[in-house]
Amino acid sequence: MFIKQTPADMNAIRFKAYKEGYLLPVMSSDSMMDSFRYQAVIQQLQTVSGLEEEAFQSLYLTLIHDFASFVQLLPRQTNGLLGGLLSEGIARAILVMQAPENQSLSLLNKYALFSAALLCDIGHVVCSHCVIVTDKAGNFMSEWQPFEGAMSVKDDAHYKIYPRHYLQQRLQGSITVLLARQLMSHEGFLWISSDFNIYSQWLDALNGEDGRGGGIRSALALVKLDDIMDLLNALGQLSEELTVPSVNREGEAFFRWLRDGISNQTIAVNTSDALVHVVDDGVFIDDKIIKKFSDLSPSAIGLFVVKHQVGNLLGIPQKCGEDFLHAMFFGEAAGFSGVTSGSRSNRSGMVLNDASILDLSGRYTAKSPFVNTHQTLQSNAQQVPGTTAASTIKPSSEGSST
């Protein structure tokens with residue numbers, strides 16, 4: 001929200017950047033924060049907070065550790081600084097707290113300023129990233145749902161990141177406020193909200209309201225990128241070795257090829273001869289375009305292998321059900337050389353229920369008129385909570401006794 005990071009910034013201090021599709025281990029907050037330099041920063045925070053140790057640990061230290069567990073080593077943007085959300089948040093917080101003009105603030109105002117500085121970019125975990133939780137080899141375990149809480153460190157869990165379309169950034173302010181409230185302790189949030197003036201400034205700062213952020217927003221705006229990067233250089237990068245998944249490599253290659261083709265418009269979408277269509281349930285990907293990729297691949301790998309690898313890569317059967325991986329639509333008979341006028345055919349493929357990771361958001365808002373399905377697909381996640389698909393079907397009243 002306040003930092004615009006460029007490749008030049010990272011190269012100058014030789015920080016690692018995230019590489020799309022690579023794996024990182026889910027880590028505990030203690031292991032991420034055990035550097036003596038970060039421990040020294042925490043000691044400085046306690047001094048400038050003005051609080052006794054017990055209150056500082058309850059309000060400040062708990063929030064820092066909950067924030068670390070939540071954001072892990074996620075960058076602000078998918079190929080950005082590894083650990084950027086965490087390290088930049090901590091650097092911003094200590095710099096704004098140490099600013100001379102903020103030393104005379106009340107204890108409450110300092111805490112509101114600190115928490116806003118720490119959390120103001122947290123919306124990126126939803127708006128910028130789709131985070132897939134895997135095992136050590138890269139096999140899909142789940143898609144991380146940030147509103148359910150932090151990723152679990154159990155079962156040797158790892159994760160990888162795919163970018164969401166930039167238009168999702170319009171939600172950044174709203175998502176940031178929701179996640180900030182989620183991470184704040186009950187006591188900490190009630191303390192901030194007890195003073196409506198401070199609370200409104202805190203909300204405006206998290207929302208990114210330039211003209212209405214009051215003192216908190218103004219204080220954060222004074223923290224310079226160069227100062228943050230200098231502090232990060234002194235602290236050292238919060239980092240971990242990136243590993244290459246040992247599974248689903250052709251599926252990964254197909255997904256990138258498809259997304260890049262949609263982005264540069266070499267792959268048609270929603271046209272009469274297209275093999276990719278926006279549908280009610282997500283994005284229909286025709287088997288013919290998977291076959292086209294497999295024919296071009298030097299690995300000479302078959303269509304069904306690529307298709308199942310994509311399903312395993314993104315967890316399509318686990319998240320949505322087998323019907324999404326083996327979807328049947330009907331429409332005009334598309335091919336690589338055009339459409340035979342008036343012809344209709346069944347079309348097999350798969351449905352990806354999240355269009356935001358295929359660079360489709362914004363340009364293709366309406367569903368395609370060229371394909372249809374006889375039945376509505378419904379992913380497992382869309383089922384009514386506490387029910388199954390079968391239990392939501394009401395029995396017919398025909399033939400019932402009276």
Failed criterion for VAL41 (all others in (1) modelled with pLDDT of 95 or more; (2) farther than 24 Å from GLN172 by Cα; (3) under 30 Å from the mean Cα position of the chain (by Cα); (4) not acidic (Asp, Glu) hold): (1)
Boolean, TYR60 is surrounded by 20 or more Cβ atoms within 10 Å (Cβ to Cβ) and closer than 19 Å to ASP204 by Cβ: no
Total residues in region 276-329, condition without any contact (Cβ under 8 Å) to a residue 12 or more places away in the chain and more than 17 Å from GLY261 (Cβ to Cβ): 6
Of the criteria (1) in contact (Cβ under 8 Å) with a residue 24 or more places away in the chain; (2) crowded, with 17+ Cβ neighbours inside 10 Å, which one GLY261 fails: (1)
Selection from region 130-179 of residues that are of a type outside the set (A, V, I, L, M, F, W, C) and part of a loop (DSSP other than H, G, I, E, B): ASP135, LYS136, GLY138, ASN139, GLN145, GLY149, SER152, ARG164, HIS165
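The values are calculated or read from the model by the stated rules, or taken from the named source; none is laboratory data. These figures come from a predicted structure and were not determined experimentally. Please note: Cβ atoms are built from the backbone with ideal geometry, for glycine as well, and neighbour counts cover all protein chains shown.
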